[in-house]
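Working notes, structure below.
The values are calculated or read from the model by the stated rules, or taken from the named source; none is laboratory data. Remember, predicted model here, so these are calculated numbers, not experimental data. In this analysis, Cβ positions are derived from the backbone assuming ideal geometry, glycine residues included, and neighbour counts consider all displayed protein chains. Note: accessible area is taken over every heavy atom of the protein model, side chains too, but ligands, DNA and RNA are not part of it. Shrake-Rupley method; radii C 1.70, N 1.55, O 1.52, S 1.80 Å.
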Amino acid sequence: MSKMMKRSSVVLFILIISFFITSCGGDYIPKPKGYIRFDLPEHEYKTLKDSCPYSFEIGQYSLIEQVNPDEPCWKNIFIKPCRGRIHLSYKPVNGNLKQLLEDAHSMVYGHTVKADAIEEQVFMNPARNVYGVLYDIKGDAASNIQFIATDSTNHYLRGALYFRAAPNEDSLAPLVKFARKDIEHLIETLRWE
C-alpha cells in the first residue's frame, strides 16, 4: 500500500471518529406521547322512533344497530364520529324495578377496580315521567358513561358507552365528552310510548 493511500485512510478514519464524537453531544429531551386528533362535528339530532315503547333523539351522524332478534328493543347506537357505541337494553317493569336497579348498580360499580371515581347525576322530568341517573366513570375503566332511565312502573332503559380501544382516559377524553353530550340529549328527549 502506498504512503498516500495510508494517509488518506488515516485522515478518513479520523474524520469518521470526530463525526461520531461531536454528534453525540447535547441533551436529549424525550417527546411526550401524542394522541390522534378527531375533528368532531356539531351536535345535530334526529328522532329515533320504531316499534319499541320509547323514543328519543340521537345524533344525525349515529347509526342504529340491532343486536339481538329475541330482544328487538336492545340496540346499539354507533356514534360514527367518535367510533363509540351506546349499548341500550330495555326491559318492561313487572314488579322487578328493585332488581333491575340493583343489577345496574352492580354493573356500574363493578368498574371500581379500574375507576378512579364514579360520579352520579340525577335526571328528573316529571312531565315525561322520566327519572334516571347518569354515571360518569373516571379513570381507565372499560365503560366511561352508563345510565338508567325509568318511569318507575312500566319501563326501564339502561345504556353504557364503550369504545373499541384500550381504556385510556387521557386519549379517550375528547370522545367521551362528545358522546356524553349525545347521551344527555338522549335522556332529556326520552319519551315512553
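Just the accessible area for residue 170, please: 1.4 Å probe, Å², rounded to the nearest 10?
110 Å²
Take peptides 145-155, 67-77 and line them up by average Cβ neighbours within 10 Å, highest first, as a rough protection proxy.
For the peptides 145-155, 67-77, the packing ranking is 145-155, 67-77.
Seen from all sides and averaged, what is the projected area of the convex hull of the Cα atoms in the chain, in nm²?
Projected over every direction and averaged, the Cα hull of the chain covers 19.1 nm².
What's the Cα-based Rg to Rh of the stretch 125-193, Rh via Kirkwood?
1.04
At most 16 other Cβ atoms within 10 Å and a DSSP loop assignment: could you name the trypsin sites (Lys or Arg not before Pro) in the stretch 83-121 that fit?
Filter output for the stretch 83-121: 83, 114.
By how many degrees, between 0 and 90 and to the nearest 10, does the Cα long axis of helix 3-23 differ from the longest principal axis of the chain?
It works out to around 30 degrees.
GNM, the chain, Cα, under 10 Å: largest mean-square fluctuation among 123, 38, 56?
38
Relative to the longest principal axis of the C-alpha atoms of the chain, give the angle of the C-alpha long axis of helix 97-109, reported between 0 and 90° and rounded to the nearest 10°.
The helix 97-109 is inclined about 10 degrees to the chain.
Could you do me a favour and compute the accessible area per residue for the stretch 70-193, 1.4 Å probe, result in Å²?
For the stretch 70-193, the solvent-accessible area averages 50 Å² per residue.
Calculate the dipole size of the chain relative to its Cα centre from +1 charges on Lys and Arg beta carbons and -1 charges on Asp and Glu beta carbons; express the result in debye to the nearest 20.
1320 debye
Pairing the Cα long axis of helix 169-189 with the longest principal axis of the chain, what angle in degrees results, from 0 to 90 and rounded to the nearest 10?
20 degrees
Rank 40, 100, 56 by how far each Cα sits towards the positive end of the charge dipole of the chain (+1 on Lys, Arg Cβ; -1 on Asp, Glu Cβ) and give me just the farthest.
With unit charges placed on the Cβ atoms, the residue in question is 40.
Looking at the chain as a GNM with Cα springs under 10 Å, which of 171, 62, 51 has the largest mean-square fluctuation?
51
Which of 93, 113, 133 ends up with the largest GNM mean-square fluctuation for the chain, with Cα atoms connected below 10 Å?
Between 93, 113, 133, it is 113 that shows the largest mean-square fluctuation.
Looking at the stretch 147-193, which trypsin sites (Lys or Arg not before Pro) are in a loop (DSSP not H, G, I, E or B) and have at most 15 other Cβ atoms within 10 Å?
Here the trypsin sites (Lys or Arg not before Pro) that fit, given the DSSP loop and packing criteria, are 164.
For the pair residue 37 and residue 153, what calculated FRET efficiency results from E = 1/(1 + (r/R0)^6), where r is the Cβ-Cβ distance and R0 = 35 Å, to the nearest 0.05?
E(calc), rounded to 0.05, equals 0.15.
Percent of accessible area on the chain owned by carbon and sulfur, 1.4 Å probe?
Answer for the chain is 57 percent, counting heavy atoms of protein chains only.
Please go through the residue pairs 46/181; 75/177; 80/114; 98/177; 91/114; 49/181 and name each one whose alpha carbons sit more than 23 Å apart in this structure.
Pairs exceeding 23 Å: 80/114; 98/177; 91/114.
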